[in-house]
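Every number here is computed from the coordinates shown, using simple stated rules; none is lab data. Computed from a predicted model, the values in this text were never measured in an experiment. All Cβ positions, glycine included, derive from the backbone under ideal geometry; neighbour counts span all protein chains shown.
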Amino acid sequence: MRLSTVEPVDVDNAQDKFQYRCGIDRAMFFQTMRRLIPRAWLALSFALAVGCLPEKDREFTRARQLMMHEQLTGPGRGIQDERVLAAMRTVPRHEFVPENVRFSSYDDRALPIGHGQTISQPYIVAFMTEQLKPQPTDKILEVGTGSGYQAAILSSLVQQVFTIEIIAPLAQRAAADLRRLNYTNVFVRAGDGYAGWPEHAPYDAIIVTCAPDQVPAPLVAQLREGGRMIIPVGPEGSEQQLYLLEKHGGQVKQRTVLPVRFVPMTRITPKP
Ligand code: SAH
């Protein structure tokens, strides 16, 4: 807002010729107001919306903000993809973890989700997602649905997510949570993901969140030409490596990108 300089008023008619007033440029004033009011309104609505959240939700929102700075973009981490960061900032991780560990939802670690399985550490979820370079038109396959959190992160970044979980009760719970939270482009199936989901192949990208001893051949076959796969490989409990694979001319180029620790890829459906 510009304040005009001290400006004389109708000097001829003024009783006191030395009468001055401090004037505001009126056109400038209204123009500025027109610009500021919508922004102020937006800020107010946001503050009200956050303010109206129950105290618990506000705590989770704050914890998620902290997670962004301390675990994802902070020193030694460096997730940069803006779309991936937006997804991590938005998806309510606490909605995907069991009640008894919910207070740790945004901690820098994996958490138990029942049936001896875990939801990956937020950084690993963000890192693997960024490595996939997901595009809005992509169709993605995930092996190892677990809680459904990784699938929810991918949901806003791509067109469709097909995800397979070998433990049927986990698949059912994840499907219910994803439905409840309105992630309508995620399709969950209970089964052995080693064989992929051939009916929807080829996939633009494949993400595997359990560790086999070797890269499963059916998954390579279901990756489209030019597609990418991120997969942890190695035995349980000892050193595993996260591999990034790219398929070109039918050939697969692979490189290791990070040492990791994942639950094993199992082959036989355990009894619930
Ligand atoms: N992506 C998950 C983390 C899953 S942990 C999340 O966001 O929560 C790995 C999951 O892989 C476990 O739930 C485990 O049951 C599942 N899994 C192991 N072997 C599998 C297989 N052969 N096919 C499909 N899922 C498998």
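Across segment 134-148, in residue order, what do the Karplus-derived ³J(HN,Hα) couplings come to in whole Hz, using 6.51 cos²θ - 1.76 cosθ + 1.60 with θ = phi - 60° and x for Gly and Pro?
These are the phi-based 3J(HN,Hα) values: x, 10, x, 9, 6, 10, 10, 10, 10, 10, x, 5, x, 7, x Hz.
Would you mind putting 230-241, 203-214, 253-264, 138-149 in packing order, based on average other-beta-carbon counts within 10 Å, highest first?
Ranked by mean Cβ neighbours within 10 Å, highest first: 138-149, 203-214, 230-241, 253-264.
Tell me, what ³J(HN,Hα) does each residue in segment 199-205 have, in order and in whole Hz, if you take phi through Karplus 6.51 cos²θ - 1.76 cosθ + 1.60 with θ = phi - 60° and put x for Gly and Pro?
With coefficients 6.51, -1.76 and 1.60, one gets 4, 10, 5, x, 9, 6, 8 Hz.
Based on alpha-carbon positions alone, could you give the equivalent ellipsoid semi-axes of segment 166-210 from the gyration tensor, as √(5λ), descending, whole Å?
Three semi-axes, in Å: 19, 14, 9.
Tell me, what HN-Hα J-couplings in whole Hz come from the Karplus equation 6.51 cos²θ - 1.76 cosθ + 1.60 at θ = phi - 60° for each residue of segment 58-71, using x for Gly and Pro?
Computed from phi, the couplings for segment 58-71 are 5, 5, 5, 4, 5, 4, 5, 4, 4, 4, 4, 6, 7, 10 Hz.
Expressed as a whole percent, how much of the Cα-Cα distance distribution for segment 122-244 exceeds 24 Å?
18
Pull up all non-local amide H partners of residue 240: gap of 5 or more, or a different chain, and H-to-H distance under 5 Å with H placed in the peptide plane.
260
How would you rank 220, 186, going from fewest to most other Cβ atoms within 10 Å of each one's own Cβ?
Least crowded to most crowded, the residues run 220, 186.
Which net charge results when you count Lys and Arg as +1 and Asp and Glu as -1 among the other residues whose beta-carbon is under 10 Å from that of residue 160?
-1
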